[in-house]
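The values are calculated or read from the model by the stated rules, or taken from the named source; none is laboratory data. These numbers were taken from a predicted model, which means no experiment stands behind them. Here the Cβ positions follow ideal geometry from the backbone for every residue, glycine too, while neighbour counts run over all protein chains shown. For accessibility, only protein heavy atoms count, side chains too; no ligands or nucleic acids. Shrake-Rupley method; radii C 1.70, N 1.55, O 1.52, S 1.80 Å.
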Amino acid sequence: MLWLHALASWWLVGVGVTVTLVHYPTFRDVSTDTFVTFHKRHATGMTMVVALPWVTQGLSAAWLLLGGYQPIVKVIAALSVVAVLLTVAVIVPAHSRLAHGFSDEAFSRLRAADRMRLIAFVAHALAATLAAYSYT
């Protein structure tokens with residue numbers, strides 16, 4: 001279960017790096033006339049890319065939290081909550097605002113939370129990998 005959790009976590013790191021460094025910067029390059037359509041395509045595509053890894057990470061985190069693992073494994077599993085909280089509390093609301101048209105304020109909040117989420121993803125994936133190695 002630790003390896004499945006680590007794999008899902010690294011998938012999300014890869015997506016996060018791509019979004020942070022490549023995709024989000026393009027939001028400013030889209031014209032006002034086409035931004036809503038662009039954003040809708042982004043939201044649909046990203047859902048397809050992250051849905052299975054998020055579910056996998058969530059279910060495996062629950063398994064690790066409820067299982068008979070050492071406390072450090074439970075802490076690692078709980079670290080995924082940071083990314084979830086940032087997503088639910090800041091990133092989703094910012095995207096909801098952007099779905100109606102580009103907003104500098106919403107985009108700034110999105111980018112700041114996205115960077116923090118990426119840091120959480122990387123820390124979590126590293127910790128999950130180290131835990132998986134220690135159990136093999």
*Kindly check whether there is at least one residue in the stretch 30-50 that is farther than 25 Å from GLY101 by Cβ and within 12 Å of the chain's Cα centre (by Cα).*
no
*Identify all residues within the stretch 11-50 that are part of a loop (DSSP other than H, G, I, E, B) and open to solvent by 80 Å² or more (accessible area, probe 1.4 Å); write none if there are none.*
THR32, ASP33
*List the helices (runs of 4 or more DSSP H) that sit entirely inside the stretch 51-136 and contain at least 1 residues that are open to solvent by 90 Å² or more (accessible area, probe 1.4 Å) and touching a residue at least 60 places away in the same chain (Cβ under 8 Å).*
104-134
*Take TYR24 and decide whether it is hydroxyl-bearing (Ser, Thr, Tyr), in contact with an Asp or Glu (Cβ under 7 Å, 6 or more places away or on another chain) and at negative phi.*
yes
*If you scan the stretch 65-107, which residues turn out to be at pLDDT 90 or above and over 21 Å from the mean Cα position of the chain (by Cα)?*
HIS100, GLY101, PHE102, SER103, ASP104
